[in-house]
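Input: a single structure, listed below in structure tokens.
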Amino acid sequence: MDVTYRILRFNPDTDSAPHYETYRIEVPDSATVLDGLQAIKDVQDGTLTFRRSCRQGICGSCAMRVNDRERLACNTQISHVADGNELRVEPLANMAVIKDLAVDMTPFWQKFNAIVPYTIHAGERPEREYLVSNEKVRHLQQFAGCIQCGACYSACPIVGSDPEYLGPAALAKAYRFVGDPRDAAKKERLGIVGSERGIWRCHTIFNCTEVCPKGVDPTYAIELLKKATIRRKLGLG
Amino acid sequence: MAYRIRYPHIRPGAMETGTIAWILHRVTGVFLTLYLITHIIVIGQSVRGKEAFDAALNFVQSPLFVFLDAGLAGVVAFHGLNGLRIIAFDMGVGIRWQKPLFWASLILSVLIFVAGVWVARNLIFV
Amino acid sequence: MLRHDILIVGAGLAGMRAAVAAAQDGSVDIAVISKVHPLRSHSGAAEGGINAALTEGDTWESHMYDTVKGSDFVGDQDAIEIMCREAPDEVWWLEHAGTLFNRTATGEVEVRAFGGASVKRTAFVADMTGHALLHTLYEQLVASGVKVYDEWYVLSLATDGGTCRGVVAMDIRTGELHPIQAKAVILATGGNGRIYSGRTTNAWINTGDGMAMAYWAGVPLADMEYVQFHPTTLKSNGVLITEGVRGEGGYLVNAQGERFMARYAPTKMELGPRDVVSRAEQTEINEGRGVDGCVFLDLRHLGEAYIMERLPQTRELAINFAGVDPVHELLPIRPGQHYAMGGIRTNLDGETVLPGLYAAGECACVSVHGANRLGANSLLDTLIFGRRSAEKAIQYVKEVDFGTFPESEVTRQEERIRRVLARQGNERIGLLREEMGATMAEKVGVFRTEAWMREGLATIKELQERQHRAPVDDKGKVFNTDLTAALELEVMLEQAEVIAVSALARTESRGAHYRLDYPERDDANWLKHTLAYRGEGGPRLEYADVTITRYQPEERKY
């Protein structure tokens, strides 16, 4: 299959503004967007810069914008998304571009840290495991399955307008703890996410849910946090 | 200098259902505010005496304004229905149905607008 | 100069477990350095689970016996005993830290069946166990406040007076080289599967940097000939399909629809150890009972609901990368490189022969896996020995001072990078990498012979020369992944040679090392570890005894 990649490139050493560069390559029919990028780098242009690691959709390195939508380059087949054998590839939005397709995720990680992203226990730990129902575990696995790729963060217009907004990924992470019966800091965490930079900033646009490559559904997590906050304010739990 | 892409999903063709709902909600909100201001100005004419108020009422009873009222009904309907949609989500209800709920709100609002136009055409300006 | 008491290289499970354990002490300055953000580490791609004798009726002795037998008796039994004894507490530690293990109806941690195990012993988080553990560890790392240098590529170890004094590293964002002084360095850099590029389950980052660094510093690499081929990988890009699929009842069938494992491992069937199952598959394929170089995994009888509860990622991977929905169709699979049993030789506390240098996880060889690792023992290995290395390093750094950092090492690395950037010629880094992968898969693969391995070694030697004519297109400083790719290729070609040389010397078949010209295990001559030291013109081999405590070698049947 013959594919044309139009890649938004930017080298901070030499460029004052980003520009598109076009590459034509021959790839197998089953090739992924990442396979194509790697082929370009291997054969045509070693300066092309992008992050990648696991190439199986679990490490979260290669989120980028492919034909106007955030995707993991590694688990997106070219044939599924190419528009007349053409792909337009851009870096994630809402984050400063370091070079080509690699963006600076520092603010993203700061927000991850801001929600106190670890289990806090009260009292003695049991000798073996805490008893938790499998239904609960399965419910939380959906949110814990987030790979922190940043696709949702790029797709969210609120992150674009308010750089202080915690964003979908961090809020989904917060719900993963708030919903966990083993965690003892529910009140504190609801306090953090209940600020004006948190859940109430969300305008329920669902872009995060649309682009999430792992089916995490951050909007759902945010709505569950809103519900938990309302219930707490009303003294219902 | 580093750059960043912003608002990539607000471009035509790259908009998801939720983005359309979000933008329409804001546009209708602005529209309602403008209506409210107009409304206050018209009603406010009453303090300037009977003649002024009658003139204002005559002005807004023109066919153009009556058809605009039909539009207003549609805008109110969408803003209200979509508002209920969002409140339902905040209560943890109906999230899985966000797309059909949006389209239902939109279609209902358009129907109300069309009904308004029909009423204006067939009942008021017969 | 940047300076930390303990510097941990690599931020996968072993590295982060070491960091979290070391941070508990509170009085020691610790930092983690990794060429990727910790959450991008390849531990996250582990799928099936983690072994521990958790249930009533299971014992650590049984776990130990299975592991020893799985290792084809060349694993060190004192190390295996430690790992199996400490396993349950490690799993409880993870559970308390928040890992969302799947549960039984009564809310306890559930276990599933896995290859080579005599009972159900594998705790799991759907089929994303590695991901769940990696994120749990990262949460704990954030909680511990340990300094993390992410996207820093460590180039080499700095040694002075026969002691490790730190590392020289490149900040990938800026391209600047930095010496980092440390009293103790713990290498936790993971595997080197990309040596089998195109035929491996491993991530792009798994280039064995730590193994090469230690090797350059005079530390031996042990048992490098034992390269695990996982039985179920996808043909298109080598992605792993977890052994948990077979643990949950999936079948392996050939082109005739026959469950061929009945002829190779009649008692354990699909749940034989990985070396046995991979050889069985390759035999089926070689003898014409495969399709397009693959045999099939059959999950159809498990049903959609069960697959979605326990193997959701497997379905996603199959659809994305093979275009097959395993709920309704047979999934074509073949053996692919998965794990390095060998690595930096360490003792039970992660210490290497170089004072101040420790290693843990896949880059290390303690050895708990011997000639063949059992599924779900690797996550356990990373955690137990990551923690133990840190505990030992804590004691060590309290007794020693920083010493002198050898500035010459910085100069040497600057020179190395200058040389790589100045290369000219018409070779391509990426194409040499693929040639290396194809050569290793074909010549030093599932089945080996002296002739094949000699050919393979000759090609590797040739590639080592040719790489000097593979220019780096990107001459810039910022985020130069073309440069790191060149450095990684250099590192991999060196290790490929060690693998081939170690394998050529071992004239027997044991575990994952199977020679058609020497098909029998030979305990009289070869019940020993290979130690490869860097010598003039290639690796110099020595051998070391295997520690046998409880279980004497016996015939290995499944």
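None of the figures in this text is laboratory data; all of them are computed from the coordinates on show. Everything numeric in this text was worked out from a predicted model, so none of it was measured. We place every Cβ from the backbone using ideal geometry, glycine too, and count neighbours over all the protein chains shown.
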Point-charge dipole on Cβ atoms (K/R +1, D/E -1) for the stretch C:37-114, about Cα centre, debye to 20: 400
Axial C-alpha extent at least 30 Å, average Kyte-Doolittle at least -0.5 - helices from chain C (DSSP): C:378-399, C:481-505
Of A:Lys111/C:Lys120; A:Lys214/C:Lys69; A:Lys214/C:Lys120; A:Lys187/C:Lys147; A:Lys99/C:Lys443, those spanning more than 32 Å from alpha-carbon to alpha-carbon: A:Lys111/C:Lys120; A:Lys214/C:Lys69; A:Lys99/C:Lys443
Two-site label geometry, B:Ile41 and A:Gln110: point separation in nm, points 7 Å out along Cα→Cβ: 4.5
Chain A: most fluctuating residue of A:Asp162, A:Asp180, A:Asp15 per GNM, C-alpha cutoff 10 Å: A:Asp15
Number of partner chain Cβ atoms within 10 Å, mean per residue of C:97-105: 6
Candidates A:Ser53, A:Ser79, A:Ser133: whichever shows maximal mean-square fluctuation once chain A is modelled as a Gaussian network with Cα springs under 10 Å: A:Ser133
Point-to-point label distance, C:Glu56-C:Arg416, nm (Cα→Cβ direction, 7 Å offset): 5.6
At most 16 other Cβ within 10 Å, DSSP loop - trypsin sites (Lys or Arg not before Pro), the stretch C:279-313: C:Arg289
Calculated diffusion of the stretch C:167-292, Stokes-Einstein form, Kirkwood radius summed over Cα pairs, 37 °C and 0.692 mPa s, µm²/s: 186
Those Cys residues of the protein assembly as shown for which no other cysteine Cβ falls under 4.7 Å: A:Cys62, A:Cys74, A:Cys146, A:Cys149, A:Cys156, A:Cys202, A:Cys212, C:Cys84, C:Cys164, C:Cys294, C:Cys363, C:Cys365
Along each principal axis, Cα extent of the stretch C:348-424, largest first, Å: 45, 40, 17
Rg/Rh ratio calculated on Cα atoms of the stretch C:1-119 (Kirkwood radius): 1.02
Net charge, B:Ala56 excluded, C-beta distance under 12 Å - Lys, Arg +1, Asp, Glu -1: 0
Electrostatic dipole magnitude of chain C [Cβ: Lys, Arg +1; Asp, Glu -1; Cα centre; debye, to 20]: 680
Estimated translational D of the protein assembly as shown in µm²/s (Stokes, Kirkwood radius over Cα pairs; 37 °C; 0.692 mPa s): 112
Per-residue [θ]222 nm for the protein assembly as shown (sum of -39500 (n - 2.57) over DSSP H runs n ≥ 4, rounded to 500): -12500 deg cm²/dmol
Shielding by partners - mean other protein chain Cβ count within 10 Å, residues of C:475-482: 6
Residue mean of other protein chain beta carbons inside 10 Å, A:55-67: 6
Residue-count net charge about C:Ile384 - beta-carbon cut-off 12 Å; Lys, Arg +1, Asp, Glu -1: -3
Size of electric dipole in the stretch A:27-139: Cβ of Lys, Arg +1 and of Asp, Glu -1, about Cα centre, debye, nearest 20: 300
Rule-of-thumb Rg ratio for the stretch C:161-221 [Cα; 2.2 N^0.38 Å; N residues]: 1.31
Charge context of C:Lys475, other residues only, Cβ under 10 angstrom, K/R +1, D/E -1: -3
Sequence of C:Met341, C:Met213 once ranked by neighbouring C-beta atoms within 10 Å, starting from the fewest: C:Met213, C:Met341
Debye-sum result for chain C in log10 I(q)/I(0), which assumes one identical scatterer on each alpha carbon, at q = 0.07, 0.09 Å⁻¹: -0.36, -0.62
Order by protection proxy (mean Cβ within 10 Å, highest first), peptides C:400-413, C:466-479, A:63-76: A:63-76, C:466-479, C:400-413
Residue order, fewest to most surrounding Cβ atoms within 10 angstrom, among A:Glu127, C:Glu108: A:Glu127, C:Glu108
Neighbour-count order for C:Leu527, C:Leu379, fewest beta carbons within 10 angstrom listed first: C:Leu527, C:Leu379
Largest-first ellipsoid semi-axes for the stretch C:195-255, taking √(5λ) over the Cα gyration tensor eigenvalues, angstrom: 31, 13, 10
